[in-house]
1. Less than 17 Å apart at the alpha-carbon level, and either on another chain or at least 8 residues along: which lysines does that give for K138?
2. Helix 162-171 versus the longest principal axis of the chain: what angle, 0 to 90°, nearest 10, using Cα atoms?
3. At each listed q (0.20, 0.22 Å⁻¹), what is the log10 of I(q)/I(0) that the Debye formula gives for region 15-80 modelled as equal alpha-carbon point scatterers?
4. Between L209 and E149, what's the calculated FRET efficiency when r is the beta-carbon distance and R0 is 30 Å? Round to 0.05.
5. Could you work out the relative contact order of region 1-64, using alpha carbon pairs under 8 angstrom and six or more residues apart, expressed as a whole percent?
6. Put a dot 7 Å past each Cα toward the Cβ at T179 and L75; how far apart are the dots in nm?
7. Can you check what the net charge comes to around E153, using other residues whose Cβ is under 14 Å from the Cβ of E153 (Lys, Arg +1; Asp, Glu -1)?
8. What's the extension gain from N67 to M189 if we count 0.36 nm per residue and subtract their Cα-Cα distance?
Amino acid sequence: MVVVFDVDGTLLDTYPVVRQTYIDVLSHHVPPIPYNETLLQSFFGPPLYDTFLGLVHDEEKARELVNLYRQQNKLNNPQYLKVFPEATHFIETLHAQGVKLGILSNKIKDAIFEGFALVGFPNIFDIIIGYEDVRHPKPHPEGLLHIRELFQEDLIMVGDSIYDMEVARRAGAPAIGVTWGNTSRNDLMASGATKVVETFTELMEAIHLLSSAQ
C-alpha cells in the first residue's frame, strides 16, 4: 500500500501564505487585477499557470505572473508558512509502521523541498512528484498512475481539494478528503471522496480501514 499526499492544505498550512502571495501579485500587476475572497479561494488546487492564464488570457503574461508569484512566495514563506500541528507526528508514525509514502502536488518540487525545510517537516517520502515531473498535472491521473506502476501496489490518495478527489477517482483509487484545508465536507464528497475526515486521528483510522479492505 502506498499512501499519496497532497502538500498544500493537507500537510502544510499554506492557505495564509498562498492567499497573501496572490494578493501581492494581483495588487502589483499593472493595472491591478481585482479580486475577492471567493476568487482567491478558487485559486487553491489548480496549477499556477492555469490560474493566471484564466485571469489574463495571455500565455506570455501568465508565465510572467507565475515567475512573479514564485519570487514573492519565497519572500512570504518565512512569515506565513506553517505545518499543521499533528502532521509531523502523523507522517513519522506511518513511516515507522512501514507504510510507503508519496507526494503528488501541483507545486514544483523545489518549492516542496523548500517548504519542508523551512518548517522542519520530515522528508521521509518514498516518492515525490511535483508539477514539472508530469506532462499533465492534477486532476489528470498521470502522476498517480505512475506511482502505482512504480510500486506495483494499491494506492490511497489524501488531499484537501476537489482536484485530489478527482485524480483518485480517475485513477481508480480510494480518496480521503481532509477538512482542515480549504474545501468543505460536502464539496469533497461531491468530488468523489471515499471518506472525509476532520482530524489526523480520523485520518489514521481511515487509512488503516481502507488498507485492510484492499
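Bear in mind these aren't lab numbers, they're just calculated from the coordinates by the rules spelled out. Nothing here was measured: the structure is a model prediction, and the numbers come from that model. Please note: Cβ atoms are built from the backbone with ideal geometry, for glycine as well, and neighbour counts cover all protein chains shown.
1. K107, K109
2. 50
3. Taken in order of the listed q values, log10 I(q)/I(0) reads -0.75, -0.92.
4. On the way: r = 25 Å, r/R0 = 0.84.
Calculated value: 0.75.
5. Working: 22 pairs, mean separation 9.7, N = 64.
Answer for region 1-64 is 15 percent.
6. Result for the modelled spin labels: 3.8 nm.
7. Details: positive: K100, R148; negative: D126, E149, D154.
Its environment carries a net charge of -1.
8. Values: separation 122, 0.36 × 122 = 43.92 nm, distance 3.39 nm.
Using 0.36 nm per residue and subtracting the Cα-Cα distance, I get 40.5 nm.
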